Amino acid sequence: MVFNWSRRRDDNPRSWVFAILHNLAVNRLRQDARRGGSVPIEDVPEATGARAATQEETVYGHEVMAAIERLPPDQRSILLLISVEDLTYAEAAKVLEIPLGTVMSRLSRAREQLRTILETKPSGGSAGRPYIWRVK
């Protein structure tokens, strides 16, 4: 698209400005039509973004909960406080009355053990193959 920014001396500058404004308005209408309407987040019903879990997601959720239940209580509590309750390491240390370094080491061990549990096929399956594959 080539723009000719020079005007002829006999052109009316008012018509030139109105042509620019008209094109801007048309572009804005086209843009709004493509993007759709906007609604403030406060006015959106909560159920709009929700959807039912798929069968695979439900099964995986049950497997994760079962794996968390298999963790030792000290590791389970750290994992749940930080991952589910969204506490900071310092807040979790204060709740459990343990040093901050202990929180970090227990959390590391809990995550590693949880990963191991989820990747190991339950008894009766073929050995050596991961039960749940991680996709990176």
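The values are calculated or read from the model by the stated rules, or taken from the named source; none is laboratory data. Small disclaimer: the values here were computed from a predicted structure and weren't measured. Here the Cβ positions follow ideal geometry from the backbone for every residue, glycine too, while neighbour counts run over all protein chains shown. Keep in mind that these areas ignore ligands, DNA and RNA; they rest on the heavy atoms of the full protein, side chains included. Shrake-Rupley method; radii C 1.70, N 1.55, O 1.52, S 1.80 Å.
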query: Looking at the range 100-116, which of the residues that are surrounded by fewer than 18 Cβ atoms within 10 Å (Cβ to Cβ) and among the hydrophobic types (A, V, I, L, M, F, W, C) is farthest from Leu79 (Cα to Cα)?
result: Leu100
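Go through the range 64-92 residue by residue and tally those that are open to solvent by 80 Å² or more (accessible area, probe 1.4 Å) and in contact with a helix residue (DSSP H, G or I) (Cβ under 9 Å, 6 or more places away or on another chain).
5
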